[in-house]
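Peer 1: This structure is in structure tokens; I'll ask about it shortly.
Since every read-out is calculated from the coordinates, none of them should be taken as a lab result. Worth saying up front: this structure is predicted, and the values here are computed from it rather than measured. Neighbour counts are summed over all protein chains in view; Cβ atoms, including those assigned to glycine, are modelled from backbone coordinates with ideal geometry.
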């Protein structure tokens, strides 16, 4: 354990479904449990390995859906079973973070929670570890801290953070005041953000003291805070199941932590960082970030082609042959083949709605 961070607890959120990476990512095998980048390890395993050297293994927690608890345990055998927390049903990122917070609060009232994700690609893990140490230091001022990714281009698929004045330097990392969070912009607005120079991408990663985030829940999300207080009293007792039925299940709206807390919080800081980060939100993102072969293609299959470039090909069992394709994605699984232009990768969710309308739900599980 890193002796300088005895109160630091990395919390990995691992409950999503990753529907835009269908047909590989499905309800029964979501993207965080898959090897999407060809490393031989799942995205969850990589997220766990990134923080292992930062603190004791029993300080690391994973928040997931109750139905995935066994999968997490199988993929992370070194993690104590008690550190895998299963939500009975998903109630949004604010509730998931709150559930982690009450576990940590019982264990260590001075806990600093580092909220991380199980489904992001981070090519510079040492930079992440350094900024988490910096954030743990700044968090002692009861500031809520987010990590902002230094933008490489005018991206319209991410939210942005507008940065204000400098707050100081922590572990050789500069922190700045957050002016406001911005929704995903249109192309022109994204270009303006990039030119302005004081905007970063919203990574969805956070650092704060547990008592600080609980105070914000009490102020801004009183219904959630009340539920968490009752759940905290029942954790690790025979009353836990009934308490979740009474207090967790009725939670409404599934608000995100950004909407529920961060947009209205009193004191918010950001560390602008270069982590080699990508949220792997779509097949197009994988085509962009994975190494390409000599012909400019990403092939996780036996791929034979004539005059094809910038295409992603995935197949578990079949040889894929292409002629004259440009900027395409082909994903072949046991029961379905997906073919689309890379620029339409965000439309996978709309396609899945068609499966639901036609009562073809077995293709989604």
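Peer 1: On a 0 to 90 degree scale, rounded to 10, what angle separates helix 43-52 from the longest Cα axis of the chain?
Peer 2: Between the helix axis and the principal axis of the chain, the angle is about 40 degrees.
Peer 1: Moving on. Just subtract the alpha-carbon distance of residue 29 and residue 246 from 0.36 nm times their residue separation and send over the number in nm, one decimal.
Peer 2: On the way: separation 217, 0.36 × 217 = 78.12 nm, distance 2.91 nm.
This chain segment gains 75.2 nm when fully extended.
Peer 1: Order of 233-245, 145-157 by packing, highest average Cβ count within 10 Å first?
Peer 2: On the way: 233-245: 12.9, 145-157: 18.1.
Highest to lowest by the protection proxy: 145-157, 233-245.
Peer 1: What value does segment 23-130 have for Rg/Rh, both radii from Cα atoms and Rh as Kirkwood defines it? Display every interim value, and only then the final one.
Peer 2: Values: Rg = 13.8 Å, Rh = 14.7 Å.
Ratio value, two decimals: 0.94.
Peer 1: Counting DSSP beta bridges in segment 1-159, what percent are antiparallel, to the nearest 5? Please list the in-between numbers first.
Peer 2: On the way: 1 of 14 bridges.
Of those bridges, close to 5 percent are antiparallel.
Peer 1: Explain nothing, just the number: relative contact order of the chain, from Cα pairs under 8 Å at least 6 residues apart, as a whole percent. Walk me through the numbers before you get to the answer.
Peer 2: Numbers: 706 pairs, mean separation 69.0, N = 365.
It comes to 19 percent, rounded to a whole number.
Peer 1: Of all beta bridges DSSP finds with both residues in the chain, what is the antiparallel percent, to the nearest 5?
Peer 2: Working: 29 of 61 bridges.
Restricted to the chain, the bridges split so that about 50 percent are antiparallel.
Peer 1: Under the definition of Cα pairs under 8 Å and six or more residues apart, what whole-number percent is the relative contact order of segment 134-253? Write out the running numbers ahead of the final one.
Peer 2: On the way: 157 pairs, mean separation 34.3, N = 120.
Once divided by the residue count of segment 134-253, the mean separation gives 29 percent.
Peer 1: FRET efficiency for residue 196 and residue 344, Cβ-Cβ distance as r, R0 = 22 Å, nearest 0.05? Intermediate values should be presented prior to the final figure.
Peer 2: Numbers: r = 30 Å, r/R0 = 1.37.
Computed FRET efficiency for residue 196 and residue 344 comes out at 0.15.
Peer 1: Sticking with this one: Counting each DSSP H run of 4 or more residues in the chain as -39500 (n - 2.57), what helix-only mean residue ellipticity at 222 nm follows after dividing by all residues, to the nearest 500 deg cm²/dmol?
Peer 2: Numbers: 11 runs with 106 residues, N = 365.
Theoretical 222 nm ellipticity from helices: -8500 deg cm²/dmol.
Peer 1: Given R₀ = 45 Å, FRET efficiency for residue 223-residue 336 by Cβ-Cβ distance, to 0.05? Write out the running numbers ahead of the final one.
Peer 2: Working: r = 41 Å, r/R0 = 0.90.
My answer for the efficiency is 0.65.
Peer 1: Take the alpha-carbon centre of segment 218-290, take the same for segment 49-100, and report the distance between them in whole Å.
Peer 2: A separation of 13 Å, based on Cα centres.
Peer 1: Please report 283, 208 as a ranked list, fewest other C-beta atoms within 10 angstrom at the top and most at the bottom. Show your work: numbers first, answer last.
Peer 2: Details: 283 27, 208 31.
By the 10 Å Cβ count, ascending: 283, 208.
Peer 1: Would you mind putting 66-76, 28-38 in packing order, based on average other-beta-carbon counts within 10 Å, highest first? Before the final figure, lay out the partial values.
Peer 2: Values: 66-76: 17.4, 28-38: 19.1.
Descending mean neighbour count gives 28-38, 66-76.
Peer 1: Next question, about the same structure. Order these peptides, 166-175, 18-27, by their mean beta-carbon neighbour count within 10 angstrom, highest first.
Peer 2: Descending mean neighbour count gives 18-27, 166-175.
Peer 1: Which distance in nm do the two modelled labels at residue 90 and residue 362 give, with both placed 7 Å along the Cα-to-Cβ direction?
Peer 2: A separation of 2.4 nm, rounded to one decimal place.
Peer 1: Rounding to the nearest 10 and keeping the result within 0 to 90°, find how far the Cα-based axis of helix 125-138 lies from the longest principal axis of the chain.
Peer 2: 20 degrees
Peer 1: Calculate, for residue 66 and residue 317, the FRET efficiency according to 1/(1 + (r/R0)^6) with r their C-beta to C-beta distance and R0 45 Å; round to the nearest 0.05.
Peer 2: Details: r = 32 Å, r/R0 = 0.71.
That pair, residue 66 with residue 317, gives E of 0.90.
Peer 1: Right, something else. Taking neighbour Cβ counts within 10 Å as the exposure measure, how do 247, 201 sort from fewest upward? It would help to have the intermediate numbers written out before the result.
Peer 2: Working: 247 18, 201 21.
Sorted ascending by nearby Cβ count, the order is 247, 201.
Peer 1: Next question. Modelled label-to-label distance, residue 141 and residue 326, 7 Å Cα→beta-carbon offset: nm?
Peer 2: Result for the modelled spin labels: 5.2 nm.
Peer 1: If you line up the long axis of helix 348-357 against the longest principal axis of the chain, both from Cα atoms, how many degrees apart are they, to the nearest 10?
Peer 2: The helix 348-357 is inclined about 90 degrees to the chain.
Peer 1: Continuing with this model, one more query. Hey, what's the Cα Rg ratio for segment 283-363 versus the globular rule of thumb, 2.2 N^0.38 Å? Kindly include the intermediate steps, with their values, before the conclusion.
Peer 2: Values: Rg = 13.3 Å, N = 81, 2.2 N^0.38 = 11.7 Å.
In units of the 2.2 N^0.38 Å rule of thumb, it is 1.14.
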